[in-house]
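All remarks here apply to the structure that follows.
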Amino acid sequence: SSAEALLRVEQVSAGYGLMPVLHGLSIEVRAAEIVALVGSNGAGKTTLLRVLSRLLPCTGTLRFNRQDLAAMTPDQAFGHGLVQVPEGRQLFDRMTVQDNLLMGAFRRHDKAAVARDLQRMYQLFPRLGERRRQLAGSMSGGEQQMCAMARALMAAPVLMMIDEMSLGLAPVIVDQLTEVLAEIRKNGVTVLLVEQDVQVALGAADRAYVIENGRVTLAGPARQLIDDPAVQQAYLGV
Ligand code: ATP
């Protein structure tokens with residue numbers, strides 16, 4: 001169809017000071033897709049998320065939901081539903097789980113809808129329900145990642161970007177988080193996943209982009225990339 005993708009990144013270049021990191025990178029994310037960005041350490045994945053969150057300037061085209069994302073401030077991008085789950089979670093450690101989740105909804109004024117979404121989060125992540133009064137900083141890494149994802153979802157995102165969802169977590173927890181991604185997508189949330197663990201990323205995503213040295217080197221359906229000899233050799237240890 002000719003419908004514009006939810007997110008369109010075209011020929012984007014960005015870097016830090018004089019050091020270029022992204023070199024004319026292009027990706028697209030369609031509504032209700034789960035898309036993964038994979039690639040080794042330093043490839044530029046986190047830099048791209050910073051560009052999308054508007055924390056880092058860039059050249060090139062950024063379109064989100066038929067609007068010019070490049071013209072938005074970080075706050076405006078958030079207001080348009082572009083919400084990030086940051087690497088390292090960055091929870092409010094000395095606040096309860098519930099207060100962390102409510103912080104995610106700070107922009108929303110419909111109290112009834114926020115209360116409903118809070119209950120939905122406790123259905124989606126029963127562990128968080130059990131621990132709603134516990135301080136976020138006292139929980140396990142997996143529980144903290146659940147809390148960070150739930151906090152982002154409380155913002156009612158259109159596109160949720162997750163940086164290193166699986167980092168340092170046990171496989172059984174990663175499987176649970178992957179199931180949650182499938183569940184939230186059913187509710188219409190689009191997901192952009194940045195992962196160093198290619199196995200996890202390709203297991204969770206519909207499509208993926210391989211990024212190397214600030215450029216897309218391979219792209220396609222996740223199932224197809226899992227079978228790609230170059231991907232297997234470089235990233236899956238086959
Ligand atoms: P990682 O998984 O390690 O985050 P990545 O693919 O996300 O890898 P980036 O974090 O985007 O990679 O880093 C890309 C390059 O930019 C690296 O060479 C990194 O050293 C550099 N870089 C990242 N952040 C900064 C910064 N704040 N100032 C200067 N250089 C930076």
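The values are calculated or read from the model by the stated rules, or taken from the named source; none is laboratory data. Everything numeric in this text was worked out from a predicted model, so none of it was measured. Virtual Cβ from ideal backbone geometry, glycine too; neighbours counted across all protein chains shown. These accessible areas exclude ligands, DNA and RNA; they are computed on the full protein's heavy atoms, side chains included. Shrake-Rupley method; radii C 1.70, N 1.55, O 1.52, S 1.80 Å.
Selection over region 200-233 of residues that are touching a Ser or Thr at 6+ places or on another chain (Cβ under 9 Å) and free of Cβ contacts under 8 Å to residues at least 40 places away in the same chain gives a count of 3. Anything in region 47-66 that is within 12 Å of the ligand (Cβ to nearest atom) and open to solvent by 40 Å² or more (accessible area, probe 1.4 Å)? List them, or say none. Within region 47-66, R50, L55 meet the criteria. Checked against the criterion of being small (G, A, S), at pLDDT 95 or above, open to solvent by 70 Å² or more (accessible area, probe 1.4 Å) and away from the ligand (no atom under 16 Å from the Cβ), the candidates A5, A31 yield just one match: A31.
For region 76-94, the criterion of being more than 16 Å from the ligand (Cβ to nearest atom), in a strand (DSSP E or B) and free of Cβ contacts under 8 Å to residues at least 24 places away in the same chain is met by none of the residues. The combined condition, being open to solvent by less than 60 Å² (accessible area, probe 1.4 Å) and of a type in the set (F, W, Y), is not fulfilled by F92.
Is one or more of the residues making up region 7-29 part of a loop (DSSP other than H, G, I, E, B) and under 18 Å from F78 (Cα atoms)? Checked against the condition, which is being part of a loop (DSSP other than H, G, I, E, B) and under 18 Å from F78 (Cα atoms), region 7-29 yields no hits at all.
Identify all residues within region 136-160 that are of a type outside the set (S, T, Y) and surrounded by fewer than 18 Cβ atoms within 10 Å (Cβ to Cβ); write none if there are none.
The answer is G137, G141, A156, V158.
Scanning region 103-131 for residues that are in a loop (DSSP other than H, G, I, E, B) and crowded, with 16+ Cβ neighbours inside 10 Å turns up A105, F125, R131.
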